[in-house]
């Protein structure tokens, strides 16, 4: 093959990746459930309609999902004020040798690891949801109206070697969703 043929072939492959439209994902973020207990704000949320993610994970691709839960103070005539956030990193992969799914969850302070034999309801519930994430203490917040924003991003952790050459054309984050709650707290009003 000549250099010219290789350049034409590589250019054609690059344009093919650019021109192929991305599939619309139906994955959605659940409405955040806010629990106030002992003056602490706890958040429960997760993903719904996970068929596309489930198919990718079952095919053996290691997936990372990052949940970012943020607390904002709402202002009338100014941009809303960021108060605090928590990030939860969840990683799952299929171990062909043992025939099981290996999952981990890390919130910055502790890491939990679990093994699942099947891609069943208990595994989906553990991996695709976050439960009782402690966000803030009400006593430490200034008077005002507050709301929650949940951002979820999905990435493939290990791509095949051939795709590594084309990383300029393939986005690192495959899915990024955000959902805001209604005003959930009115403190001192």
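The values are calculated or read from the model by the stated rules, or taken from the named source; none is laboratory data. In this text the structure is predicted, and so the values were computed from the model without any measurement. Cβ placement follows ideal geometry from the backbone for every residue including glycine, while neighbour counts extend to all protein chains displayed.
A few remarks follow.
- The set of residues in region 36-56 being touching a helix residue (DSSP H, G or I) at 6+ places or on another chain (Cβ under 6 Å) and within 25 Å of residue 101 (Cβ to Cβ) consists of 46, 47, 50.
- So residue 29, is it loosely packed, with under 14 Cβ neighbours inside 10 Å, under 30 Å from residue 147 (Cβ atoms) and at pLDDT 85 or above: no
- Considered as a group, the residues in region 9-26 that are exposed (fewer than 11 other Cβ atoms within 10 Å of the Cβ) and in a helix (DSSP H, G or I) include one that is modelled with the lowest pLDDT, and that residue is 19.
- Filter result (in a loop (DSSP other than H, G, I, E, B) and within 15 Å of residue 72 (Cβ to Cβ)) within region 113-142: 141, 142
- Verdict on residue 65 being modelled with pLDDT under 85 and closer than 23 Å to residue 94 by Cβ: no
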